Structure formats: structure tokens, C-alpha cells
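Please treat every number below as a calculation from the coordinates, not as lab data. Remember, predicted model here, so these are calculated numbers, not experimental data. Quick reminder, even Gly has a Cβ in these numbers, built from the backbone with ideal geometry, and neighbours come from all protein chains shown.
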Ligand code: GCW
């Protein structure tokens, strides 16, 4: 007994000191931190003491609940909810059509400018009283308005002069989950899939609701539940019933559900002998499947398809084209306003041309041939979500086809969930790249938001980094990537700087000293990872399969373009992939203004140097260093930058809780260790060709090249486990 008591006491001491409470982070950027500033608090409390909130739908109910939750938590106040519109003293949340004429008159925002899903938040003076009005044309606009309002309060904006008119610039703002039905997540580093298929449809996990809230809070309005390497079973009644239960939860937050359609499904679950898109039986099968799906989910969004890519079945198996395949599915979904999102991530083992050229070559000739409810989804760069790639030349080259952007939020090639890398910096770089297709200023953002070509449909997808880890994303700062993706899908012209600012205030602290220390660290983190992994345009030199850590020496895989050696081409003569007219001529896929620049190594931006050129080790860089020295110094710089991140993090101890601090501190240690690993392994390997000494300032590697080559990680996360 006595022993037990001692044990209990010891245990509780242990819990309260070293383990702390439940790890922070479940609430994401919706923690609704208590406002500490007394002046602001009083302003809010008075200004929000009574609210009129229009009723009538589940979306409005969700919005009202959220408002209550946020105000309670930030102000410790539950405003009186008045049913009577006229009585409401200080705040009105209602659709514009239902607003009183006298109110409409005093609003200074141009109320006719509210677009679909958009909203106005404005402080007005009505009959001598100040009131905050949140209004929209549709329910989801109100929901978005409420979330924005709460974010403004958290950021400390005063109530007296609110005036925000905002609307999404892109129609489909979606997460793509690469979640398998066995709950593993391809390239997932934050646990297992959120979707508990076994317990659905009866059991609704609170996580589904919180997931929907988080997405709605940043304007995400679509989710693809399943992996693009698809399993046809999700289209069978047993699963559709479960999908319907999720769709039902998400509907209250303005989110539509989409599924991946395995092209061979008519054979696998339909018993047909073929999946040929021109076969009438096949067409009929998909039409009937669509009817069936819409019975379960009346607002089903549509299909996402990976076809004829990395072994996935597709129309080319029957000598048909992407157009045949996509349009067949589009016809089946058209009666229900569903869309087909057809991926352009294709490359073939039968095609010896530069992989970077293949998607463009396969799709551009089909410009204008797809049905109106088809979008072509292209990754941001022509290879595969590398730490840095030039923008995909398809953007701007298909004026008659809606092109949808696919970014990767999960960090397959960016340090999994242990490296702090603020991805909006990467997204911004891509979105602000100039395609020159309609002269200077033809940014990728303009291509995808439709302002250029007046696309009927526009979209942006992010491959999710979410799993069932307590904090959703593994690394607390990876939450910022989910957040930032949503914000950029809403407005592709937002700057990474603004996004970092918003996220930090909502997540950690509004203290300006804290922000001024941490924001620069976030903004530089992407460049740091480029430096310690893939500097000067190097790419795809990751260890094979799991992509964990460096593997530039890998050269024995069956498909040439799976080998890092294919991409860096290092030999005694030099390093890099020649994509100029003397090489693969991939540069010709870009507008003249760009190709002229990048074809010449002297004018090619150095961050893309080895992406486009094969150059001798003693090639002189702009700063006068040899290519070899420059490479080594970049690797070293990356390591130094992570060291700086560690010391910056040390300096913010006073601003956050011990647990919050400790969590990121430990992760940064891993990042530093791995940055050194990348530097040492890559430099030793490339040195075996350059035969040159490491320049001054670059630390000596700890181990031999053989040591780094011997490292194996059979259980690295993110690959589908094989049970056989
Ligand atoms: O980069 C590759 C990934 C695969 C992924 C594929 C794709 C879902 O390594 O895991 O498959 O891209 O985007 O289809």
C-alpha cells in the first residue's frame, strides 16, 4: 500500500513537471487565446455584448457556435443572443438580403460587390449607435465572415473601424488526402488517416468536426478523402455510406467531398472485362455509378484521377487519350454538376525523353479538348515537389483549359514532419513566377485564378499533411503550412510574410517582440532547407522509395528517372542536368523571354543553375567561387541557418509555455542533425567526382561516404506497409 502511494505521488509530480499537460496544438490556429490587453478587452466586451444572428441552416448554426466559442475564450464573455433584429444592440450577422434598408444605407462598403462565398465585416453607425455587421450573400459567406472576424479580434483589431470586404479568388480550394483505406497515409508523417472507416458511418469522431472547422476557418471548401493511388472499393456501397457520413459533417462547414476514381474500377468492382473509355458498357457503368453516388451524397464534388502514371491504370491502356478518359467521367458527373480533376503528373518508363518534359508534351496538344467540368491538375513544378523547382511550363501554355495547381503540404521532400519549413514561401515563389505568356506580369497566380483566361472553373489543391497525431501535423509549425495553403487558395496573391504574421498571432502570441524574432526565422526556413538539401538547382537526390535523407549515389533502380544519378549527372567533368537546346531542350517549353535567360548559364538564376545546366566543377559562379566551392558553401550555409534557427528559438523562451518551447526545440535538434547528414553525405559523394578540397569554412564530414551509403531505413514513415 505504502509503496503504491509513493508511486502515485511520484507519478503525479512527474506528470506535472516534466510531461506537462496534454501536448499543445490540437486547437491549431483556433485556440482563441485570451486577450490580455485590458483596453482592447473592454472595447470588445462592450462592443459585443449582444448579437443578432440569422438562423435557418446548419452552416449558420455552425457559424453561430463558432462565434460563441471564440468570444467566450478570448473575452470570457458570452454575448446575449437577441432574436429580435431591431433590439440587437451591437452586432448583426445576417445575409444581406435580410438586412434592414436603413442599415444598408449607412454601410459604406459597396454591398453589391459581395461575391459568392465572400463577406463584408463593417462597423456602422446606425441610429446613433455603433454596430458591427457581418453580411454575405450565402450562408458559407457568413461562416467565413465569422471566422475572419474572430481572427481580427485575436490579432487585436479595434471594433470601431472595421471594414473588410473579401471573397475567394479561386473556386475549388481543396485538400488532397493520400489516405489509404487501411488508414496508412502515403507520404504522411503525422500518424494514421483521420478517417476511421471501420467505425463509420455510425461513429462521428469529434476530429471530423474540428477538421471541418479548421478548413472552413481558412476557406477550404473541398476535400478528396482518398489516395490518388486509388482503391476502387471506396466506390462500393459499403464505403459510400461511410463517405456520406463524413460529407454530412463537412456540409455544415461548406466543404464538399470528392473521391479518387480508379480508372479500372468497372473491372475491379463492376465485373466488366474492360475499362476502355470508349466502350459503351464502361460508359454506362460510370453513369450508373454517378447516379448511385449522388443518392448517397447529393452534393458530391466529383472525382480526382491519377491515370497512366506510375503504374496506375488509365485510358492509354486501351490506346485512348487523357481526353477520352476525362471526358467519359465528366459526362457521367455532368448531370449533377460534379467535376473531374484529372492529374497531369504523368511520365512513362517507355519514354526516354527528359521526365521534366513529359506532362507538357502529353497535355498541351489537348488544350481546349476537355469538357467544361474537367480541370487539369498540375504539380507546381515539372518534376515532383522538390525543395525548389522552376514553375511547371504547362501554366500559361493551355489557355483553353482550366489548370488547377497542386502543391504538396506534406513534406515528402522537405524533411518530413521533423523539419521546420514554412512552405508558403515556396508557394509564393511559384505563384508569383512570371510565365510571360501574355507578356510581362503573366504570373502563375493569374493563370490559375482565371483572371487571365476567364476560366469557368478555377482550383488549387494541397496534398494534406494531416494525420491523427494529437497536433494534426506532427510538427507544430507544419500547421502553418496547412494554414498558409488555405490562405493562398483563397487569395493566391497573399504574401508569405502576411501569412506568417497571421498564423503566429493566432497560434502562439501577438507579442510584437516574439513575432519579430520568429517571423524571419519562418520566412528563411525554406531557403535553409534548399541549401542543406538541394542547392543551386539540384533535385531528386533523395534516398530511394521513402525519400528520407540523401541518396545521390542511387543509380540502380529499374526506371532511369527514379534514379538520383539521372538528375544530377555528376561525373568528373561536372554536374547538373542539361536542359538547354544542347541537352534535353526542356527550356523550349517556356516562353521565349524565359528560355533565352535560362539557356545561358551566365543569365540563368543561380538557384536553377544545375536544373538547366551541366557545368564543370571549376565553372565560375557570380560571386567568383568555383561551382564546387559554391556548392559546398551552400550546404554549409544551410547547416548554419538551422543553427541560427535553434538559437532564435532559444531566445523566445519567455514568450511561450515550456511545453511549446521544448517540443520545437527537440525537433530543431533533429533538423540540425539531418542538415549535417545531408551536407556531409552529398559533399563526400560529389567530391568523389570533383576531386577538389572542401573550401575554408566548410566543416569536415563526421563519417566516411561508405558509412552514409550504408544507412538503411526500412521503416521510414510515409510508404505503404507491405503485409506480405
Ligand atoms: O512524388 C510521388 C510520390 C508518390 C505519389 C506521386 C503522385 C501518390 O512519391 O508517393 O503518389 O508522387 O503524386 O502521384
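Structure data summary
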| item | result |
| --- | --- |
| Fewest-first sequence of 644, 276, 324 by Cβ atoms within 10 Å of each Cβ | 644, 324, 276 |
| Cα-Cα pairs of segment 159-254 separated by more than 16 Å (percent) | 62 |
| Value at 222 nm in deg cm²/dmol, rounded to 500, when DSSP H runs of n ≥ 4 in the chain each add -39,500 (n - 2.57) | -12000 deg cm²/dmol |
| Shape of segment 40-104, Cα gyration tensor, a/c cut at 1.5 | oblate |
| Three semi-axes of the equivalent ellipsoid, segment 5-166, Cα gyration tensor, whole Å, largest first | 37, 17, 14 |
| Relative contact order %, the chain, counting alpha carbon pairs below 8 Å whose residues are six or more apart | 11 |
| Rg/Rh for segment 333-449, where both radii come from Cα atoms and Rh is the Kirkwood radius | 0.99 |
| Cβ-based exposure ranking for 107, 460, in which fewest neighbours within 10 Å come first | 107, 460 |
| Cα point-scatterer Debye curve for segment 172-507, base-10 log of I(q)/I(0) at q = 0.06 Å⁻¹ | -0.19 |
| Descending semi-axes in Å of segment 632-705, equivalent ellipsoid built from Cα gyration tensor | 31, 12, 7 |
| Pairs of Cα atoms farther than 36 Å apart, the chain, % | 45 |
| Exposure proxy ranking, count of Cβ atoms within 10 Å, fewest first, for 618, 83, 449 | 83, 618, 449 |
| Extension gain from residue 80 to residue 281, taking 0.36 nm per residue of separation minus the Cα-Cα distance | 66.3 nm |
| Highest to lowest packing among 488-498, 362-372, 629-639, scored as the average C-beta count within 10 Å | 629-639, 488-498, 362-372 |
| Calculated P(r) of segment 403-480 - Cα pairs past 21 Å, % | 40 |
| Sorted peptide list for 520-527, 471-478, criterion being average Cβ within 10 angstrom, highest first | 471-478, 520-527 |
